[in-house]
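These notes concern the structure reproduced below.
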Amino acid sequence: MPGIPDPNNLGWPRQVTGLNGKRTVLQPPRRIHTMSAGIDEITLSLVTLDRVVGVGSATKNPDITFLAPYVQGLPTVAREPEPVIRLSPELVIATPTQRAELVVAIEKVGIPVIQLDLDPTPAGRINAILLLGYIYGEEERAIALADEVAARYGALVSVTSAKPESQKPVVASLTKYTALYIAGSGTTGDGIITSAGGRNGGTMAGVKGNKQITLETVVLANPDIIIIPMPAKQGEAFKAELLGEPVLQGVPAIRNGKVYVVPPSLYTTNSFANVRAAEHLAHILWPAEFPVADPPQFSMAGLR
């Protein structure tokens, strides 16, 4: 699979390839630090809590990840070289967006950094599980979790993919903090919407990536349903703003009151939690086929 040059090597040391090149892992790391909440979620599905030396503030935020209640006792680490180095991790896992100078500074003191090439598709989430399982020496656990995720994803899309395209509602994923954004093609939101049996309004409006937009783009997307992956308080305020916006009164989602604030801890992290988000959205789109409003959590090795 991507990132494992020699899949026949199940001994130590072993090599993996990241965005920053080929790196050697000498032994199963006992002191791990990752640079994102999503990678923390995958990591703590594979290893026990005592193998993680610290987390970023985002991982302690319940609006961002379901891990928050479990990691409050771990040190909070800023995304800068000095705080990370002070933890003395044996291995650091970085995201594609981490600054190159941050990665270089950590490696200068002899701490290996593997910068993952994250793919926001369901297949990419499963690949990330398997790759991290290989890095951590938890291959069997990774295969079991990947099978669990794949089975639930397969059960979902076996139903949603059979829906006629013309019957699939148009869904727009909108957020607003300092500006208005929509999830276009190639985004986590796009993958969630299509897996749940919807058509992504952002993609249909020609948007690529998560882009800042005006209200005219929402009119162009003309969604049947709007989802707002924001914390409840801010999300409800934004929902009220959308429902009262005169420019949007002809949009079906606004006209019919089909606007939903959804948990960002499922919809915005870079992990298999996005499969739960797709199950959650499928309940909104197709409640007869998906009657469970709150899909169960996947099994987590680190939180048993």
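Please enumerate, by chain and number, the lysines with C-alpha under 25 Å from the C-alpha of residue 233, excluding those fewer than 8 residues away in the same chain. Qualifying lysines at Cα under 25 Å: 60, 176, 211, 258. The modelled label-to-label distance for the pair residue 109/residue 177, using points 7 Å beyond Cα in the direction of Cβ, is 2.8 nm. Compared with the dominant principal axis of the Cα atoms in the chain, helix 122-136 is inclined by about 20°.
Taking amide hydrogens as placed 1.01 Å from N in the peptide plane, the amide H of residue 230 sits under 5 Å from those of 262, each at least 5 positions away in sequence or on another chain. For residue 243, the shell of other residues with beta-carbons less than 14 Å away shows a net charge of +1, using +1 for Lys and Arg and -1 for Asp and Glu. Only helical runs count toward this figure. For the chain, summing -39,500 (n - 2.57) over DSSP H runs of n ≥ 4 and dividing by all residues gives -10500 deg cm²/dmol at 222 nm.
Using R0 = 41 Å, the C-beta based FRET efficiency linking residue 88 and residue 155 works out to 0.45. With axes computed from alpha carbons, what is the tilt in degrees of helix 37-46 against the longest principal axis of the chain, rounded to the nearest 10 within 0 to 90? The two axes meet at around 60 degrees.
Spin-label model, residue 140 to residue 79: label points 7 Å out along the Cα-to-beta-carbon direction sit 3.6 nm apart.
Counted over the chain with a bin width of 20 Å, the fraction of Cα pairs per bin, in whole percents, is 33, 54, 13, 0.
Peptides 265-278, 69-82, ordered by how many other C-beta atoms sit within 10 Å of their residues on average, highest first, read 265-278, 69-82. I want the antiparallel fraction of DSSP beta bridges within the chain, as a percent rounded to 5. Of all bridge pairs located within the chain, approximately 40 percent are antiparallel.
Taking only alpha carbon atoms, segment 21-131 gives an Rg to Rh ratio of 0.93, where Rh is the Kirkwood radius.
Applying 0.36 nm per residue to the separation of residue 61 and residue 9 and subtracting their alpha-carbon distance, the gain on full extension is 14.9 nm. Which FRET efficiency value, to the nearest 0.05, do you get for residue 233 and residue 27 by plugging their Cβ-Cβ distance into 1/(1 + (r/R0)^6) with R0 = 51 Å? Computed FRET efficiency for residue 233 and residue 27 comes out at 0.65.
Relative to the dominant Cα principal axis of the chain, helix 273-285 is inclined by about 10°.
Read-outs throughout are calculated quantities, based only on the coordinates presented, and are distinct from any laboratory measurement. Note that this is a predicted model, so its numbers are computed, not measured. For neighbour counting, all protein chains shown are included, and Cβ atoms are generated from backbone atoms with ideal geometry for every residue, glycine included.
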